[in-house]
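Trainee: Here it is: the structure, laid out below.
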Ligand code: RFL
Ligand code: PHB
């Protein structure tokens, strides 16, 4: 098979890139290790920045999001019994949209299918060849058959456990990592959200997050031990623990119900540099991971897609390689700012196993400073709604 861009990975990064390229008449082939249903069964991000909204509009896949998404122009931060609000719109002039990653992915798959896209599922043993030559290719196997794609460029959109990043030789690649000593236990339940706005809760018992997908679908998380397993937590134990971590007034109105999904995610900060090697470009979780506290994972993947898409478009429309050559530098400049924000917000809100009494006092002082200081609220709001591309 021959195509302009071979895209490894059928998550949100790969799909969005493929659809944007399609709108500009640039063909691609997408390879996904799992099935479409498997990809759509993963419950992940819920908050979309304006930059991602603009890309979804440009890709022609924003209709359902505009109809069903919930615009949020602020968020709530609680610590113990106290709670305050950060007004995004007043501080930055922008809001965010609550609309699940699952729905974004579903809309993208629908558009790709309508466009007659070439997508290969259950693709095994994907290997990148000759990335530093002018004739790169990708080989893989589907249903026991060996296949090959010859292409101009390869987009590595295959997530943290993918093969693309590993293709870059160790003497070229540098990795930066921080692993946090806790995880997030998340549940999805068909209950009305406890609040119209997302609550980030810091408590003596650890962090909790009250989020949502729609008016009758709630997403809640609690900080848990890394050794915990989802099956260790009954629904009743989860709700009990959540209630103890949010203010009593919210706990009293929390509607509980059976969980329809329950999973644990470890928290990690990770960046690989550079994000390109020859004609191979890394996008999204293939190149970087953030702890979910600032809702930056999917949004940072989207900003990578923006830079790569524009670089490819410039190349195919004018022959100019400047956008492609500058991809890694541009993408990483924004990635590191999202990394810093996610790290800062995680540190601010979680309990650490080895936290001293002094550390705790500093954390409390910083939350009080955020509550009382307009400039601090503005800094949080600017990062949360998304730094400009
Ligand atoms: P994805 O979504 O991981 O998609 C990569 C795709 O590549 C496929 N793949 C391969 N395909 C072919 N060949 C191979 N060798 C392959 N290896 C892998 C995989 O099957 C997969 O379909 O990466 P992408 O597209 O870059 O999208 C990034 C986002 O998914 C991610 O940043 C966020 O979901 C992160 N994240 C969250 N972000 C938020 O902003 N808020 C959240 O609440 C939030 N929760 C989460 C998350 C990530 C999680 N992970 C990764 C475990 C919760 C979890 C559990
Ligand atoms: C979610 O709704 O899943 C969500 C919201 C905000 C975050 C992380 C996850 O910071």
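Trainee: Within the set of pairs 6+ apart or on separate chains, which have a first residue in the range 211-232 that is under 18 Å from residue 47 (Cα atoms), a second that is assigned to a loop (DSSP other than H, G, I, E, B) and modelled with pLDDT under 95, and C-beta atoms under 7 Å apart?
Mentor: Final answer for the pair search is 211/46; 213/46; 219/46.
Trainee: Are any residues in the range 141-172 out of contact with any strand residue (DSSP E or B) (no Cβ under 7 Å at 6 or more places or on another chain) and within 14 Å of ligand 1 (Cβ to nearest atom), and if so, which ones?
Mentor: Answer for the range 141-172, where residues must be out of contact with any strand residue (DSSP E or B) (no Cβ under 7 Å at 6 or more places or on another chain) and within 14 Å of ligand 1 (Cβ to nearest atom): 159, 161, 166.
Trainee: Out of all the residues in the range 77-88, is one or more over 23 Å from residue 383 (Cα atoms), buried (at least 16 other Cβ atoms within 10 Å of the Cβ), away from ligand 1 (no atom under 11 Å from the Cβ) and over 19 Å from the mean Cα position of the chain (by Cα)?
Mentor: No: the range 77-88 contains no residue that is over 23 Å from residue 383 (Cα atoms), buried (at least 16 other Cβ atoms within 10 Å of the Cβ), away from ligand 1 (no atom under 11 Å from the Cβ) and over 19 Å from the mean Cα position of the chain (by Cα).
Trainee: Evaluate the following for residue 290: is it within 10 Å of ligand 1 (Cβ to nearest atom) and without any contact (Cβ under 8 Å) to a residue 60 or more places away in the chain? Give the steps one after another, and end with the answer.
Mentor: Details: within 10 Å of ligand 1 (Cβ to nearest atom): yes; without any contact (Cβ under 8 Å) to a residue 60 or more places away in the chain: yes.
Answer is yes for this residue.
Trainee: For the range 290-352, which helices (runs of 4 or more DSSP H) that fit wholly inside it have 1 or more residues that are within 17 Å of the chain's Cα centre (by Cα), within 12 Å of ligand 2 (Cβ to nearest atom) and surrounded by 19 or more Cβ atoms within 10 Å (Cβ to Cβ)?
Mentor: Details: elements: 297-318, 322-325, 327-349.
Passing ranges, in order: 297-318, 327-349.
Trainee: Follow-up question, since we're still on this one. Looking at 370, 387, which is the one that is at pLDDT 95 or above and under 20 Å from residue 208 (Cα atoms)? Before the answer, list the steps.
Mentor: Working: 387 fails: under 20 Å from residue 208 (Cα atoms).
None of the other options fit; the residue is 370.
Trainee: Is it true that some residue in the range 250-262 is within 26 Å of residue 28 (Cβ to Cβ), more than 16 Å from ligand 2 (Cβ to nearest atom) and over 24 Å from the mean Cα position of the chain (by Cα)? Show your work before the answer.
Mentor: Step one: list which residues in the range 250-262 are within 26 Å of residue 28 (Cβ to Cβ), which gives none.
There is no residue in the range 250-262 that is within 26 Å of residue 28 (Cβ to Cβ), more than 16 Å from ligand 2 (Cβ to nearest atom) and over 24 Å from the mean Cα position of the chain (by Cα).
Trainee: When you scan the range 211-224, do you find a residue that is away from ligand 2 (no atom under 13 Å from the Cβ), part of a strand (DSSP E or B), at pLDDT 95 or above and touching a helix residue (DSSP H, G or I) at 6+ places or on another chain (Cβ under 7 Å), even just one? I'd like the intermediate steps shown before the answer.
Mentor: Residues of the range 211-224 away from ligand 2 (no atom under 13 Å from the Cβ): 215-216, 224.
Add one more test, that the residue is part of a strand (DSSP E or B), and what stays is 224.
After this cut, where a residue has to be at pLDDT 95 or above as well, the list is 224.
Still in the running and touching a helix residue (DSSP H, G or I) at 6+ places or on another chain (Cβ under 7 Å): none.
No.
Trainee: Ok, one more. Among the residues of the range 251-272, is there at least one that is assigned to a helix (DSSP H, G or I) and either loosely packed, with under 15 Cβ neighbours inside 10 Å or within 13 Å of ligand 1 (Cβ to nearest atom) (or both)? Give the derivation first.
Mentor: The initial filter retains those residues of the range 251-272 that are assigned to a helix (DSSP H, G or I), namely 251-253.
Narrowing further to those that are either loosely packed, with under 15 Cβ neighbours inside 10 Å or within 13 Å of ligand 1 (Cβ to nearest atom) (or both): 252-253.
Yes, the range 251-272 has at least one match.
Trainee: In the list 197, 175, which residue meets the criterion of being away from ligand 1 (no atom under 13 Å from the Cβ), surrounded by fewer than 22 Cβ atoms within 10 Å (Cβ to Cβ) and in a strand (DSSP E or B)? So that I can check it myself, show each step before the final result.
Mentor: Working: 197 fails: in a strand (DSSP E or B).
Result of the check over 197, 175: 175.
The values are calculated or read from the model by the stated rules, or taken from the named source; none is laboratory data. Values in this document were obtained by computation on a predicted structure and should not be read as measured data. Using ideal geometry, Cβ is built from the backbone for each residue, glycine included, and neighbour counts are taken over all protein chains shown.
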